[in-house]
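Asks: Here it is: the structure, laid out below.
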Amino acid sequence: MRAGVFDSGAGGLTVASSLISHRLFDEIIYFGDTARVPYGTKDANTIIRYGLEAIEFFNNFDIDILITACNTVSAYALPDMRSKSDYPVYGVIEPGIKALTDKIKNKNAKILIIGTRATISSARYQNELHTLGYNNITAIQTGMLVPIVEEGIFSGKVLQAMLEYYFGHLDFIPDAIILGCTHFPLISDAISEYFGNSPIMIHSGEAIVKYLEKQGITHRFDKETSLRIFASDNVNALRDTAKMWIK
Ligand code: DGL
């Protein structure tokens, strides 16, 4: 089974990494739109156009399924992408919500959602969780964490200052944090430590692995997944990043 995995840049590699470690596919074709990252600062029409262009890219490969490993694209472009593809297209928001509701049963739990400006202003996570009865939700746009991760900064003073900037005003410790951007699992430890290591962290990659398995869309293969990486700019840099991140 061959899967396409798409993100604006390197963040989707965290999703690819989960798919690879659980051996959910024979082959993954990864496309990072590194020429145009970040998507999270763009408006809805642009994000939809980029999503449709990704479909055109993946139409060159005989993929069985496309995983949009980007919360920003998942928030805006899935219906249009689905209407232009002849393979199923999955996003990461629904699986993320499912992962949270599996782990957090208390509807009064303090849930923090972080993501790009576009993802948070789409209110996709917030609305869905409200509909499910969760009533203690805080959502914060933390878009500057995207370039920090793209720079390879996963710890240290700059990241700490950024966490203080975004979270310093909060007067509570979240029970769960939805990492609503696929770049953020790379700084999950630093975020968790900032809050005293107590929140449950929801990660798009782990969430979609569970989701695909539960729906019977794929199963675990015996052999290792092969990974081919494509990018719209500087593909060697993305390949180097993949070597560092994907074990
Ligand atoms: N990795 C993308 C996401 O999950 C966001 C990065 C970007 O702004 O392009 O939303």
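Asks: Looking only at the range 101-128, how many residues end up being touching a Gly at 6+ places or on another chain (Cβ under 6 Å) and away from the ligand (no atom under 16 Å from the Cβ)?
Replies: Looking only at that region, the number is 1.
Asks: For residues that are among the β-branched types (V, I, T) and touching a residue at least 60 places away in the same chain (Cβ under 8 Å), tally how many sit in the range 129-147.
Replies: Going through the range 129-147 one residue at a time, the tally reaches 1.
Asks: Consider Y134 against the criteria (1) part of a loop (DSSP other than H, G, I, E, B); (2) within 16 Å of the ligand (Cβ to nearest atom): it satisfies all of them except one. Which criterion is unmet?
Replies: (2)
Asks: Which of the residues belonging to the range 145-160 are surrounded by 13 or more Cβ atoms within 10 Å (Cβ to Cβ) and at pLDDT below 95?
Replies: The answer is V146, P147, I148, V149, E150, I153, F154.
Asks: Moving on. Going by what's in this entry, would T46 be described as in contact with a Gly (Cβ under 6 Å, 6 or more places away or on another chain) and within 20 Å of A118 (Cα to Cα)?
Replies: So T46 does not fit the description; no.
Asks: For the range 73-92, which residues satisfy the criterion of being within 16 Å of A123 (Cα to Cα) and surrounded by fewer than 24 Cβ atoms within 10 Å (Cβ to Cβ)?
Replies: Result: L78, single match.
Asks: Pairs under 9 Å by beta carbon, first residue among the acidic types (D, E) in the range 148-161, partner buried (at least 17 other Cβ atoms within 10 Å of the Cβ), six or more apart or different chains?
Replies: Listed pairs, sorted by first residue: E150/G9; E150/A10; E150/G11; E150/T34; E150/V37; E150/P38; E150/H183; E150/T241.
Asks: While we're on this one: Would the range 19-33 turn up any residue that is farther than 24 Å from D189 by Cα, in contact with a His (Cβ under 8 Å, 6 or more places away or on another chain) and crowded, with 19+ Cβ neighbours inside 10 Å?
Replies: Scanning the range 19-33 turns up at least one residue that is farther than 24 Å from D189 by Cα, in contact with a His (Cβ under 8 Å, 6 or more places away or on another chain) and crowded, with 19+ Cβ neighbours inside 10 Å.
Asks: Let me ask you something else. Please determine, by comparing only the residues of the range 63-104 that are among the β-branched types (V, I, T) and in contact with a strand residue (DSSP E or B) (Cβ under 6 Å, 6 or more places away or on another chain), which one is nearest to G115 (Cα to Cα). Let's see the steps before the verdict.
Replies: Filtering the range 63-104 for residues among the β-branched types (V, I, T) gives 63, 65, 67-68, 72-73, 89, 92-93, 97, 101, 104.
Keeping just the survivors that are in contact with a strand residue (DSSP E or B) (Cβ under 6 Å, 6 or more places away or on another chain) gives 63, 65, 67-68, 89, 104.
On the way: I63: 28, I65: 25, I67: 18, T68: 15, V89: 21, I104: 20 Å.
Among them, the one singled out is T68.
Asks: If I ask for residues that are more than 16 Å from H169 (Cβ to Cβ) and either of a type in the set (S, T, Y) or in a helix (DSSP H, G or I) (or both), which ones from the range 139-154 would you list?
Replies: The answer is L145, V146, P147, I148, V149, E150.
Asks: Shifting gears a bit: Between a residue in the range 230-247 that is touching a residue at least 24 places away in the same chain (Cβ under 8 Å) and any residue that is basic (K, R), which pairs come within a Cβ distance under 9 Å, given they are 6 or more apart or on different chains?
Replies: As it stands, the answer is A231/R239; S232/R36; D233/R36, since those pairs meet every condition given.
The values are calculated or read from the model by the stated rules, or taken from the named source; none is laboratory data. Values in this document were obtained by computation on a predicted structure and should not be read as measured data. Ideal geometry is used to build each Cβ from the backbone, glycine not excepted, and the neighbour counts take in all protein chains shown.
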